[in-house]
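Reviewing the structure listed below.
The values are calculated or read from the model by the stated rules, or taken from the named source; none is laboratory data. Here the structure is a predicted model, which is why all the values come from computation and not from measurement. Here the Cβ positions follow ideal geometry from the backbone for every residue, glycine too, while neighbour counts run over all protein chains shown. With ligands, DNA and RNA removed, areas are computed over all heavy atoms of the protein, side chains included. Shrake-Rupley method; radii C 1.70, N 1.55, O 1.52, S 1.80 Å.
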Amino acid sequence: MINDSYLKLLVENRWGVGQSVVQGFMNATNRMIPGTRATVAGYGPCGRGVAQTLRQLGARVQVADLDPYRRLEAALDGHRVGPLDTLLGSTDLLFLATGQPDVVSDEGIAALPDNAVIAGVGHFPWELDLGRLKSLVKAVDGSARQTADGSARQTAEHETYVQPDGRRITVLAQTRMINLVSAGGNPIEAMDLGLTLQARSLALVATGAALPGVQAVPQELDREIAGTFAATLERS
Ligand SMILES: NC(=O)c1ccc[n+]([C@@H]2O[C@H](COP(=O)([O-])OP(=O)(O)OC[C@H]3O[C@@H](n4cnc5c(N)ncnc54)[C@H](O)[C@@H]3O)[C@@H](O)[C@H]2O)c1
C-alpha cells in the first residue's frame with residue numbers, strides 16, 4: 001500500500017498537496033489569501049498541509065475534524081478548531097479534505113457568509129452534496145474562468161449558488177480536486193517519490209525479497225528512500 005507509506009503521506013499528502021491545492025485555488029479564483037478566513041475540513045496529512053500553506057500566506061485558518069487526536073494536533077499547530085457547522089459562519093474559503101461523503105450540512109451552508117468559495121481536496125467530489133444544494137437555492141450561475149493564456153488546465157468551472165436570502169456561494173469544479181483541475185497536480189518531487197516507492201517495492205517482489213499481494217512498504221525501504229530524498233535537500 002504505497003498510499004500508507006509514512007514517507008508518501010509526509011511528502012505528497014502533506015507538503016505536496018498543501019502547496020498544489022493552494023496554487024490551484026489561486027489559479028482558479030485570483031482571490032487574495034492574506035487576511036481571509038479559511039476553513040479546512042479534515043486534518044489528515046492533506047488537510048494539515050493545506051492549512052499550513054494557507055497560514056504561511058497569511059490566512060486565518062480554522063480546522064474541523066471528527067478525530068480528537070487530529071483536532072488536538074490542529075489546535076497545537078495554532079489553528080482555531082471547532083465543529084464544522086460552527087466554523088462556517090466565519091469562513092470565506094472552505095477546503096474539503098476529509099475524503100468522506102456529505103460532510104457539509106444544510107445548516108452549514110446556511111451559515112456561510114456571502115461570497116464564500118468552496119474547493120475540493122479529497123479524492124471524490126462527494127464531500128458536498130451538490131444535488132441537495134441545488135434543490136435549496138434560488139438560482140445557479142455558472143462560468144468557466146480562463147487564465148490569461150487560456151490554458152485548459154488552469155480553468156476551473158465556477159458555479160455560484162444564490163441562496164434564498166441572496167448570499168452567493170461559489171463552488172469550484174464541483175469540488176473535484178482543485179490541484180488537479182487548475183494547477184499542474186502535485187510537485188514533481190512528490191510524484192518522483194511515489195513512483196520510486198512503487199518501483200522499489202515491485203523490485204522486492206520481482207526478486208523474491210517480498211511476497212506478491214497487498215502489504216505495507218517495508219519500513220527499511222521507506223527510511224532508505226527518505227534518506228536519499230533528504231540528502232538532495234541537504235546540499236549546501
Ligand atoms: N488532491 C490530491 O492531490 C490528493 C492527494 C492525496 C490524497 N488525496 C485525498 O485527500 C483526502 C484526504 O487524505 P488524507 O491522507 O489527509 O486522509 P485522512 O483519512 O488521513 O484524513 C482525513 C481526515 O478527515 C477527518 N474526517 C472524516 N470525516 C469528517 C467529517 N465529517 N468532518 C470533519 N472531519 C472528518 C478524519 O477524521 C481524518 O482525520 C483523501 O480523499 C485522499 O484520497 C488527495
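Report in % the part of the accessible area of region 1-132 that belongs to carbon and sulfur, leaving out ligands and nucleic acids; probe 1.4 Å.
Result for region 1-132: 56 percent of the exposed heavy-atom area is carbon or sulfur.
How much mean residue ellipticity at 222 nm does the chain get from its helices, if each DSSP H run of length 4 or more adds -39500 (n - 2.57) and you divide by all residues, to the nearest 500 deg cm²/dmol?
Roughly -11000 deg cm²/dmol at 222 nm, from the helical runs in the chain.
Using the 2.2 N^0.38 Å rule of thumb for compact globular proteins, work out how region 188-233 stacks up: its C-alpha Rg over that value, please.
In units of the globular-protein estimate, region 188-233 measures up at 1.19.
With the Cα gyration tensor of region 1-97 giving a ≥ b ≥ c as the square roots of its eigenvalues, does the rule (a/c under 1.5 for rounded; else a/b larger than b/c for prolate; else oblate) give rounded, prolate or oblate?
It is oblate, given that a/c is not under 1.5 and a/b is not larger than b/c.
Under a crude label model (7 Å from the Cα following the beta-carbon direction), how far is Leu72 from Gln100 in nanometres?
Here the modelled spin labels are 1.9 nm apart.
Quote the charge dipole size of the chain about the Cα centre in Debye, to the nearest 20; the model charges only the Cβ of Lys and Arg (+1) and of Asp and Glu (-1).
Charge dipole of the chain: 400 debye, to the nearest 20.
Classify region 2-181: rounded, prolate or oblate, from the alpha-carbon gyration tensor (a ≥ b ≥ c, eigenvalue square roots; a/c under 1.5 rounded; otherwise prolate if a/b is larger than b/c)?
oblate
Ignoring the sites themselves, what is the longest stretch of the chain with no trypsin sites (Lys or Arg not before Pro) in a DSSP loop and at most 14 other beta-carbon atoms within 10 Å?
It works out to 32-137.
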